[in-house]
Amino acid sequence: MSKRPEPITSPFRLAEKEISAPETRQPAAAPKSPIALVQETIDSGAPFLFLEEVCAYLRVSDTTIWRQERAGKFPRRVHLSPKRVAWRTPDVVAFAAGTWKGDKREAA
């Protein structure tokens, strides 16, 4: 009978066992929902909301926002730079509450 070779132990595995043995880590906090993150942005007094934030806050797609904006049923976007647009936070919050009366700016 031949003798079995001893298993090779990796120093990395030993290190992992030594490091993870104490189990003193706190469980990770549950991630916040997109709506909660947008609400924090609104509560912080941010003057503008970006497309991703508006979609998450209103739970609609970007296409829906674009269609309603074209029809005059949604606040118009503000161009912050040639490639970046946003919506005024008070306009989006008023729209969500049903109190938005329409833009006073003339249509483009």
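For region 27-108, the percent of C-alpha pairs falling in each 10 Å distance bin, counted from 0 to the bin holding the largest distance, reads 17, 51, 25, 6, 2, 0.
Under a 5 Å amide H cut-off, with hydrogens placed 1.01 Å from N, VAL85 pairs with LEU80 among residues at least 5 apart or on other chains.
By the scheme Lys and Arg +1, Asp and Glu -1, what is the net charge of all other residues having a beta-carbon under 13 Å from that of ARG70? Present the calculation step by step, with values, prior to reporting the outcome.
On the way: positive: ARG67, LYS73, ARG76, ARG77; negative: ASP62, GLU69, ASP103.
That sum, taken over residues with Cβ under 13 Å, equals +1.
Exposure proxy shown here: for TRP100, TRP87, the number of other Cβ atoms within 10 Å sets the order, fewest to most, as TRP100, TRP87. Rounded to the nearest Hz, the phi-derived 3J(HN,Hα) couplings of region 65-77 under the Karplus curve 6.51 cos²θ - 1.76 cosθ + 1.60 (θ = phi - 60°) are 4, 4, 5, 5, 5, 5, 7, x, 9, 9, x, 7, 6, where x marks glycine and proline.
Note that region 27-41 has calculated 3J(HN,Hα) couplings of x, 5, 6, 5, x, 7, 6, x, 5, 5, 5, 5, 4, 4, 4 Hz, one per residue in order, obtained from phi through the Karplus relation 6.51 cos²θ - 1.76 cosθ + 1.60 (θ = phi - 60°); glycine and proline are x.
Every read-out reported here was derived from the displayed coordinates using simple, explicitly stated rules and does not represent laboratory data. The structure displayed is predicted, hence computed values, not measured ones. Every residue, glycine as well, gets a Cβ built from its backbone with ideal geometry; the counts of neighbours run over all protein chains shown.
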